[in-house]
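Participant: First, the structure itself, so that you have it in front of you.
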Amino acid sequence: MSTRSARILVAGLAGAVIIAGSAVAATAAGEAGQSGVVAVAAVDESLAQHLAFNREEERMARDLYQLFAQTYPDARTFEMIARSEQRHYDAIGRLITAHGVADPSVGKDAGSYADPALQALYDGWKAQGLTSLDAAYRAAVELERRDIADLDAAIAAVTQQDVTTVLSRLRAASTRHEAAFTAAAAGQDAGTGPGAGMRAGMGRGNGERMGTGPGQGTGPGLGSGPRSGEGQGMGDGPGRRAGAGDAAGDCPVADLAG
């Protein structure tokens, strides 16, 4: 073979390799676009705003009720509903993680919030509630009503089914909380000490249910009244029936844990 013929052959092979390589690259890119590499979807701005706000609002409620529970240890309603608010806060946290939303609560101490409006609400209700137990109940009622309104706005704005399901259950819980605090403000708190509200007692009745009813339970009395109640209980453990407040046994968001 002549030198000229060899040069022509080499040039032809090089061109073929380039063309084949380009084709392989194009095919690989197409396959990756179809099955392998998926572009990260942008976070829905409206969803992110509502989840961030609701996350902080549930934490605010928990912080406030924990403070009031420490300030008024005989007022059991605050202690029990603070536990519910922790579960609500956790439920929103799982949604935040699932939808790739930044958590505004990271690094924040109790009583400190990223949203200025929530900070102002907490500060106002804290000051109000520390003046007296009755004032604390009124602050709690106001908080729950505000929470219900905010949840209604979020439910109307978002379209993701998992989010609306959780928010709807949170709303159901908030209506129970409002009812519990309203009853407590009228002297029907599930307290355990003198002057704590329902004197019928808070006992461990049938089925380990915590009762605050008319004092007709069968278990040993654990409350401030003469008998163990079995009525509209506000329990805080498995198998305990919830009345005005939501307990671990039948909290509207308890089955969302995981």
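The values are calculated or read from the model by the stated rules, or taken from the named source; none is laboratory data. In this text, all values refer to a predicted model and were calculated from it rather than measured experimentally. Positions of Cβ are backbone-derived with ideal geometry, glycine not excepted, and every protein chain shown enters the neighbour counts. We work out accessible area using only protein heavy atoms, side chains counted, and drop any ligands, DNA or RNA first. Shrake-Rupley method; radii C 1.70, N 1.55, O 1.52, S 1.80 Å.
Participant: Could you tell me whether any residue of the stretch 168-178 is among the charged types (D, E, K, R), touching a residue at least 60 places away in the same chain (Cβ under 8 Å) and open to solvent by 60 Å² or more (accessible area, probe 1.4 Å)?
Facilitator: At the first step, the residues of the stretch 168-178 found to be among the charged types (D, E, K, R) are 169, 171, 176, 178.
Those left that are additionally touching a residue at least 60 places away in the same chain (Cβ under 8 Å): 169, 176.
Right, trim to open to solvent by 60 Å² or more (accessible area, probe 1.4 Å) and you get 169, 176.
Checking the stretch 168-178: at least one residue is among the charged types (D, E, K, R), touching a residue at least 60 places away in the same chain (Cβ under 8 Å) and open to solvent by 60 Å² or more (accessible area, probe 1.4 Å).
Participant: Quick one: G124 ticks every box in (1) assigned to a helix (DSSP H, G or I); (2) open to solvent by 70 Å² or more (accessible area, probe 1.4 Å); (3) without any contact (Cβ under 8 Å) to a residue 24 or more places away in the chain except a single one, so which number is it?
Facilitator: So G124 meets the others, but not (2).
Participant: Moving on to the next point. Scan the stretch 90-121 for residues that are of a type in the set (A, V, I, L, M), touching a residue at least 24 places away in the same chain (Cβ under 8 Å), assigned to a helix (DSSP H, G or I) and open to solvent by 50 Å² or more (accessible area, probe 1.4 Å) and report the count.
Facilitator: Taking the stretch 90-121 and keeping what is of a type in the set (A, V, I, L, M), we get 91-92, 95-96, 98, 101-102, 106, 110, 114, 117-118, 120-121.
Retained after the next criterion (residues that are touching a residue at least 24 places away in the same chain (Cβ under 8 Å)): 91-92, 95-96, 98, 101-102, 110, 114, 118, 121.
Checking which are assigned to a helix (DSSP H, G or I) leaves us with 91-92, 95-96, 98, 118, 121.
Right, trim to open to solvent by 50 Å² or more (accessible area, probe 1.4 Å) and you get 98.
Looking only at that region, the number is 1.
Participant: Consider I96 carefully, then state whether it is of a type in the set (V, I, T), under 18 Å from Q160 (Cβ atoms) and modelled with pLDDT of 95 or more. Outline the logic, then answer.
Facilitator: Working: of a type in the set (V, I, T): yes; under 18 Å from Q160 (Cβ atoms): yes; modelled with pLDDT of 95 or more: yes.
So I96 passes the test.
Participant: Then there's this: Answer yes or no as to whether T159 is in a helix (DSSP H, G or I) and open to solvent by 20 Å² or more (accessible area, probe 1.4 Å). Don't jump to the end; show me each part of the working.
Facilitator: Values: in a helix (DSSP H, G or I): no; open to solvent by 20 Å² or more (accessible area, probe 1.4 Å): yes.
It is false that T159 is in a helix (DSSP H, G or I) and open to solvent by 20 Å² or more (accessible area, probe 1.4 Å).
Participant: In the stretch 64-88, how many are among the charged types (D, E, K, R) and either open to solvent by less than 10 Å² (accessible area, probe 1.4 Å) or in contact with a Ser or Thr (Cβ under 8 Å, 6 or more places away or on another chain) (or both)?
Facilitator: If we filter the stretch 64-88 for residues that are among the charged types (D, E, K, R), which is where we start, we get 74, 76, 79, 83, 85, 87.
Among the residues that remain, those that are also either open to solvent by less than 10 Å² (accessible area, probe 1.4 Å) or in contact with a Ser or Thr (Cβ under 8 Å, 6 or more places away or on another chain) (or both) are: 74, 76, 85.
So the count comes out to 3.
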